[in-house]
Amino acid sequence: MSDNNLPIVVIGSGLAGLSAALTLQESGYSVRVLECGVRAGGRIQSDEINGFRLDRGFQFINAKYPQIKALGIVDDLDFQPAPRAVDVAFNGKVIRLGDPRKYLFSVFNNATGSLPEKISFLRYLISRSQAGSSVESEILNAGCGELYLRVLKPFLTGVFLAPPSAVDGAAGRAIIKSFIQGSPGLPADGAGALTRILAQRVGVIELDVQVNSIDGLTLETSQGVIHTRAIIVATDQTSAAQLLGLEELGSSAGCTTWYHATRDDLDVDATLRVDGLNRGLVINSICISALIEKSAPPGYTLFSSTSLGTVSESDMRRHLAMIWGCDTAQWELIAKYEIRNALPLFTPGWQKQVSICIRPYVYRAGDYLRAPSQDGALASGRGAAIELINALRVQQEPK
């Protein structure tokens, strides 16, 4: 069999791998997708537990991400838009700050920062980053002191899963802009619907296949030896480095997502809530059942909350009581997801990776190469596939 008749192997079925496989298929190439897990989807999964539908880690999907729009998938998701606002909890008060087009008067509330600070934040958005700076230093230098401390710092910590002081200014600014210009929300069946539908478009994905090593264009796997025409490694950055023999290993941010349920009749909506006084390790919390009705059985209200670092359940409940202004002692813990490598961490001075081609016909893809977002993962997968397709076409051209 000639190499031209061999399939291209994509290792990993997260967003980057699915995007790469779809791009290759659209160009007429035969593709084999290998996934070490028992389900496709990578980090974007939804589980059914005792009648509750839980995402493995809280994450909004931005319907206006360029790659999401290009896939034309939003109409298939039964997409539920989230409020374009954030609720900030203070001592006994909750102040809403949102898109001025809907929450006009919220910008005039000094509890979340003065009007001049909010105008300064708009100026920050259209300015350029300095090499080596952090998100925190740039926002503070722009004159957004109280706005940053009370709203932006707790909110952005949830976005980056790390303090904004640890995030590169240019990379972070791009993510912030995408949130402001975007349309965040979730599919009615949970975030896992995104990868599930993309996986259906790919077709057959070989599950529970562990790739142990790569030698040239030959893969040693748990299911035997596979010979291939080309390879795209679309795993997490640690696994990719091990498979490809790379010394470089970027940083990752982890988090814990908690799901609590109550039968109490609470007057809450689906607006994301943060602690404006930074009184604990809970970085955000949301009444997820107010946004996604299917996430909880009838009669239950379900909360999704994210924490960083080591947090005991008692400390978690204590901080949630401060944030939601109610007794959480009897809330039922439905599940707890500890996610080690939830997002790549682009520290100050980070530079975009340009070497996605490791050696002839071997490429890598992942959000750690492009941007710490779903759009970054999808764009990286598509970019790796396009670069590979171009190389294959050059190979086929007559000498």
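None of the figures in this text is laboratory data; all of them are computed from the coordinates on show. Owing to the predicted nature of the structure, the values given are computational and were not obtained by experimental measurement. With ideal geometry, Cβ positions are generated from the backbone for all residues, glycine too; neighbour counts draw on all protein chains shown.
Details
- Sorted peptide list for 325-335, 51-61, 289-299, criterion being average Cβ within 10 angstrom, highest first: 51-61, 289-299, 325-335
- Spacing of the modelled spin labels on Ser213 and Arg393, each 7 Å from Cα toward Cβ, amounts to 3.6 nm.
- Packing-based ranking of 136-144, 17-25 yields 17-25, 136-144, ordered from highest to lowest mean Cβ neighbour count within 10 Å.
- Out of every Cα-Cα pair that segment 269-325 contains, those further apart than 18 angstrom amount to 35 percent.
- Peptide ranges 268-276, 216-224 listed from the most packed, as the mean C-beta count within 10 angstrom indicates: 268-276, 216-224
- Cα pair distances of segment 84-221 binned at 10 Å [whole percent]: 10, 30, 25, 17, 11, 6, 0
- Cα-based reach from Lys118 at 23 Å (exclusive), listing lysines while leaving out same-chain residues under 8 positions away: Lys93, Lys102, Lys153, Lys177
- Based on alpha-carbon atoms, the Kirkwood radius and the radius of gyration of segment 143-278 give Rg/Rh equal to 1.07.
- Tensor-based shape of the chain (alpha-carbon gyration tensor, a/c under 1.5 rounded, otherwise prolate or oblate): prolate
- Fluctuation leader among Val74, Val135, Val311 - the chain, Gaussian network, Cα springs under 10 angstrom: Val311
- Gyration tensor (alpha-carbon) shape descriptor, segment 108-163, a/c threshold 1.5: oblate
- As an equivalent ellipsoid, segment 301-399 spans semi-axes of 46, 14, 10 angstrom, where each value is the square root of five times an eigenvalue of the C-alpha gyration tensor, largest first.
- Radius 15 Å from Cβ of Ser19, net charge of other residues (Lys, Arg +1; Asp, Glu -1): +2
- Extension gain (nm, one decimal) between Ala111 and Asp315, 0.36 nm per residue minus Cα-Cα: 70.8 nm
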